[in-house]
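Working notes, structure below.
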């Protein structure tokens, strides 16, 4: 399969995932309210993220530079799906802006408002929290908000250690 065709299929699969996230969210929100829907969605998506963490556990708890290099090298579609832009990469932190996101674009194309897109980005970021925290890293995401360039910024740091070194 040609690279462009593969990238198109990957983008389509991610767009499909985005629409499913939204439709499931709407049904759970209608049944249980928005706060519970957000909580349930994040919990389930986080769990899936933890299931994808094994390949990066080799870098935990503190090989941050290697983690960042691995993440960019293994970004979907050879980097052409999320187009990661490294903001910081050193021995203490890895920060990358996904300059494109097929999930965000799918929510826009599906007709969601900016506020709804921002909420879905927040919910969807649970997969990244699960992946990186599940591998043993301290992690945070600056999710997309109206006016922000690109999409989410992923930030990984060495796992915090207790006073006894664990």
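Read-outs throughout are calculated quantities, based only on the coordinates presented, and are distinct from any laboratory measurement. The shown structure was predicted, so the numbers you read here are calculated from the model rather than taken from an experiment. No Cβ is skipped: glycine too gets one built from the backbone with ideal geometry, and neighbour counts run over all protein chains shown.
Worth a mention:
- Helix 64-73 and the longest principal axis of the C-alpha atoms of the chain enclose an angle of approximately 40°.
- C-alpha long axis of helix 114-124 to longest principal axis of the chain, angle in °: 50
- Mean residue ellipticity, 222 nm, helices only, the chain: the sum of -39500 (n - 2.57) across DSSP H runs of n ≥ 4, divided by residue count and rounded to 500, is -17500 deg cm²/dmol.
- Separation in nanometres of the label points that stand 7 Å from Cα toward Cβ, at residue 36 and residue 50: 2.3
- Computing Rg and the Kirkwood Rh from the Cα coordinates of the stretch 78-144 gives a ratio, Rg/Rh, of 1.00.
- Residues 148, 131, 2, sorted so that the one with the fewest Cβ neighbours within 10 Å comes first: 2, 148, 131
- Taking the number of Cβ atoms within 10 Å of each Cβ as an exposure proxy, the fewest-first ranking of 26, 141 is 26, 141.
- Point-to-point label distance, residue 19-residue 113, nm (Cα→Cβ direction, 7 Å offset): 2.3
- Helix 3-32 vs. the chain, principal-axis angle (Cα, 0 to 90°, nearest 10): 70
- Value of relative contact order over the stretch 85-149, rounded to a whole percent, pairs C-alpha under 8 Å and six or more apart: 24
- Expressed per residue, the C-alpha convex hull volume of the stretch 1-113 stands at 134 Å³.
- Footprinting exposure proxy for 7, 149, 88 (fewest neighbouring C-beta atoms within 10 Å first): 149, 88, 7
- Range of Cα positions in the stretch 54-94 per principal axis (Å), largest first: 28, 24, 9
- Highest to lowest packing among 47-55, 30-38, 104-112, scored as the average C-beta count within 10 Å: 104-112, 47-55, 30-38
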